[in-house]
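All remarks here apply to the structure that follows.
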2 protein chains.
Amino acid sequence: MYDNKNEYFCFSTNRNRLTKVKINTMNILPDKTVERLSQYRRNLLICDGKGKTHIFSHEIANIHHITPVQVRRDIMLIGYTGTLRKGYNILELIALIGEILDKEDGQRVAIVGAGNLGRAIIQYFHNRRDKLSISAAFDSSPDKIGQEYDGVKIYPIEDIDKIVKEKNITIGIISVPVVAVKATASALVEAGVKGILSYTPRPIDVPENVYLEEYDMITSLEKVAYFAKNIEKI
Amino acid sequence: MYDNKNEYFCFSTNRNRLTKVKINTMNILPDKTVERLSQYRRNLLICDGKGKTHIFSHEIANIHHITPVQVRRDIMLIGYTGTLRKGYNILELIALIGEILDKEDGQRVAIVGAGNLGRAIIQYFHNRRDKLSISAAFDSSPDKIGQEYDGVKIYPIEDIDKIVKEKNITIGIISVPVVAVKATASALVEAGVKGILSYTPRPIDVPENVYLEEYDMITSLEKVAYFAKNIEKI
DNA sequence: GTAAATTTGTTATTTCAATAACAAGTATTA
DNA sequence: TAATACTTGTTATTGAAATAACAAATTTAC
C-alpha cells in the first residue's frame, strides 16, 4: 500500500500561476501505473493542443478504454489533486507526469543494431520526446557506419564503451540479430547504462543494478493467435 | 482455479512412439502462461537442434530467468507430465505446445503499413513459423504496391476486405501512421479478422469478438527510463 | 537394502493489479 | 433554500499472477 509518510511537495507552473503539488518520489510507482502515465501524457498533450484546459477522469478513461477509477487511482498515486466537478488541469497534470517520468536533464538513449527494426525505432522517436533522445546508433556493417538516420549517427559496435561514456548515455535499446545479443548486452552494461530495452527473442541477463525490459514480437503474435483462435471462450 | 473436470486426451508423436497426453482445451490459459509457452517453445526448438532429448524445469527456468515452479505450473496447466528425475521430453513438449498455440491448419496474418516497422516485422517473421505466416501486406503508397518484401506481396489499402476474405486471414498487424489507425482497424474488423496486434501509439477499440493487443514502443522506453532512473529503489 | 538427494505435481500463501463502494464536496435545478 | 446530480479521493474487496511449501516418486550413493 501507498505509504503516506513519504511525501513532499514541489511546484508546478500553470501558465502564470504557481501551484503547490504533492508528489511522491520516495516510493516506486507500480509497473502498470508507469505505463499508463506515459500514455495519459501523450493524449493529454493532444488535448492541450486542441485548447482544452481541464479533463475529467472518465474522459481520460474513455480515451484509453479503462475505468475512471483506475485513472483516479493512478493520479492519486502521483499525488495530484483535481478540482471537484471541474476535473484535472491538463497542463498541471502534464507537468507533474513529466516530473515523475523524466529526469530534470533528460536521459540519452543508444540503439544497437541499425537494421530495419533499428531504423524503424529511430524514425519513430524522431522529434517526439525532448527529454528522451536517441543520441547514437551502433552497427557492425561497414557501409552503415558513418551514416545518419533522422539525425542519429551510426558508430561501429566497438565504440559502444567510448561513445556511451562520452555522451552520458543511460539507456540502451538492442535490436541486433540473435547471435550478437549476448555480446551487445555485455558491452552496454560494461559501458554503464542503467536500463536496457531488448527487441530480440533471445533472453538476456543483466546485473541487478540494471533495469531490463524484453519484448518479443513473435511471442506477441503467437499470443494474439491463441486468443483470436479461442475468442469465444474469453 | 484450474478445473480438472474439463480435460481430455490427445496423442503426441515422440519420434516413433505414440504418447497419450492429457490436455486442457476447455479452459482458456492465463495470459502470462501463453506468453511463456511461446518462449519455451522457441528455446526448446534450439535445445532439440542441439540433440538434447530431455530437459528439467530448472533448466528451462534458467534460460528464461524465472523460477522452476513457474515452469512446472505452466506445464501442469497444459496437462503435460514429465518423468520424475528425467525431466520433460523436449519433442513431446514442443508438440503439445504446438497443439495449444497453433490451429491445425495454421492462421494467416496480414500486415497493414509497409514502412520501416512493417518491413522489419515482415523480415523478422520470414521463415520462422510455419503455422503463422504473413500472407499479405497493405500500404497506401503507390510505389510500394505490387512489390514484394521477403516473399510478401504488397496490396493497396482498399483491397483489405477482398484479400483478407480471399486468403482467409484471421489476424491483422497494424503499423500505419497514427492518422490512419482508426480506419485501418475498422477495415480489418469489417473484413473479419479475429485478432489485431497494434504497434501504434493511438488507442483503438474493437468489438468484443475480436482480440486486441496494443504495444507502444514509446511507452516501453519511458518505462525503462523511469525504472532506470530509480533503479536503486527497486 | 537403506539413506540421501533429486525432481515432479499440486495445493496454499503471498503479492500485485483492478474493480467496487462510498464519503465528501461542489455545482445545478427547482 | 433544499434537493439532485456529479465528480473526486480513498478504502475495501476481488481477481490474477507469482511464489512457497511439501508429498510422492525415483535415482544414486553407500
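Computed from the coordinates by the stated procedures, all read-outs in this text should not be read as laboratory data. It should be emphasised that the depicted structure is a prediction, and the values quoted were computed from it without experimental measurement. Counting neighbours? That spans all protein chains shown, and the Cβs are built from the backbone with ideal geometry, glycine included.
Things worth noting here:
- Of the beta bridges in segment A:107-220, as assigned by DSSP with both residues counted there, near 10 percent are antiparallel.
- For chain B, the longest principal axis of the Cα atoms and the long axis of helix B:217-229 meet at an angle of about 60 degrees.
- Shielding by partners, peptide B:161-172 (average Cβ within 10 angstrom, other chains): 1
- Kirkwood-based Rg to Rh ratio, segment B:16-154, C-alpha trace: 1.07
- 3J(HN,Hα) couplings calculated from phi for segment A:82-94 with the Karplus curve 6.51 cos²θ - 1.76 cosθ + 1.60 (θ = phi - 60°) are, in sequence order, x, 10, 4, 6, 10, x, 9, 6, 4, 5, 4, 5, 4 Hz; Gly and Pro show x.
- Segment A:99-114 - phi-based ³J(HN,Hα) in whole Hz, Karplus 6.51/-1.76/1.60, Gly and Pro as x: 4, 6, 7, 9, 7, 3, 9, x, 9, 9, 10, 10, 10, 10, x, 10
- MRE, 222 nm, helices only [DSSP H, n ≥ 4, -39500 (n - 2.57), over the protein assembly as shown, to nearest 500]: -11500 deg cm²/dmol
- Think of the axis that spins chain B onto A; the B residue whose C-beta lies nearest it, and the distance in whole Å, is B:Ala120, 2.
- Volume per residue that the Cα convex hull of segment A:47-111 spans, once the total is divided by residue count, Å³: 127
- In nanometres and ascending order, the distances from the A:Val178 label point to those of the other copies are 3.5 (point 7 Å from Cα along Cα→Cβ).
- Average beta-carbon neighbours from other chains, 10 Å sphere, peptide B:72-85: 0
- Cα gyration tensor, the protein assembly as shown - rounded (a/c under 1.5), prolate or oblate: rounded
- Dimensionless Rg over Rh [chain B; C-alpha; Kirkwood]: 1.01
- Taking every DSSP beta bridge that has both ends in the protein assembly as shown, the antiparallel portion is near 35%.
- Residue by residue along A:208-220, Cβ atoms of other protein chains within 10 Å of the local Cβ number 6 on average.
- Teacher prompt: A:Leu45 distances to equivalent labels in other copies, 7 Å Cα→Cβ, nm: 3.7
- Calculated log₁₀ intensity ratio I(q)/I(0) where the Debye formula runs over C-alpha points of segment A:107-220, q = 0.13, 0.21, 0.22 Å⁻¹: -0.42, -1.19, -1.31
- Under-5 Å amide H pairs with B:Lys153, H placed in peptide plane, nonlocal only: B:Ala137
- Shortest-first distances to equivalent copies, position B:Pro68, nm, label 7 Å out along Cβ: 5.1
- Each Lys and Arg contributes +1 and each Asp and Glu -1, all at the Cβ; summed about the Cα centre of chain B, the dipole is approximately 1100 debye.
- Along segment B:67-81 the Karplus relation, 6.51 cos²θ - 1.76 cosθ + 1.60 evaluated at θ = phi - 60°, assigns HN-Hα couplings of 8, x, 4, 4, 4, 5, 5, 4, 5, 4, 5, 8, x, 8, 10 Hz to successive residues, with x for each Gly and Pro.
- Alpha-carbon centroids, segment A:195-234 and segment A:60-131: separation in whole Å: 22
- Positive-end residue of A:Gly195, A:Pro207, A:Ile169, charge dipole of segment A:169-226 with Cβ unit charges: A:Ile169
- Antiparallel %, DSSP beta bridges [both residues in chain A], to 5: 35
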